Amino acid sequence: MLNGNAIRAVAVDAASCPLDTKTPEFGSVNWRTLVSGEAHQSQGLVAGMAEFGPADTLKPHRHGPPEVYFCTEGSGVVRVDGEDHLLRPGMTLYIPPNAEHSVVAGPEGLKFFYTFPVTRFDEVDYQFSALDQGEAVATLIDPTADATS
């Protein structure tokens, strides 16, 4: 039960969710929040789709909850605590709690599904780093390379 109401299954069409364009503080990433307690009677999970154009970025940041990315289209590099990980379709990346991470999309852009183990997206407190690692990560993109893990 959530606020006296039974929690029910939620089916969401990503195309019906608004594209959220964040401030330049975040970088050039856009995303669609698919499941969150702000919009649904959901509990314990936030999920969405991150969308990047070619060479778009999500600036270095950290947050308390862990996060999982599942790449659906394109490619990119995610730097997690100084280690680079290639994302391409079908790959999943676990990001530990409070790990500093950033993203740079490849030449064809990047889309990934993300999820946090919290009820509402506004519970994720983004803390941006002073150092912008985006340029260093951008030079590493090679969609044919093996991913590091």
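The values are calculated or read from the model by the stated rules, or taken from the named source; none is laboratory data. Not measured: the values here are computed from a predicted model. Side chains included, ligands, DNA and RNA excluded: accessible areas come from the protein's heavy atoms. Shrake-Rupley method; radii C 1.70, N 1.55, O 1.52, S 1.80 Å.
Taking 37 °C and 0.692 mPa s as the conditions, I'd like the Stokes-Einstein D for region 1-133 in µm²/s, using the Kirkwood hydrodynamic radius from alpha carbon pairs. The calculation lands on 216 µm²/s. What whole-number volume per residue, in cubic angstrom, does the convex hull of the C-alpha atoms of region 24-75 give? Measuring per residue, one finds 111 Å³ for the Cα hull of region 24-75.
Note on residue 32: accessible area approximately 50 square angstrom, rounded to 10, probe 1.4 Å, nucleic acids and ligands left out. Here the accessible area is traced with a 1.4 Å probe on the protein chains. For region 23-85, carbon and sulfur cover 55 percent of it. Taken per residue, the accessible surface of region 20-82 reaches 39 Å², heavy atoms only and a 1.4 Å probe. Extents of region 84-131, taken as max minus min of Cα coordinates on every principal axis and listed largest first, are 31, 27, 17 Å.
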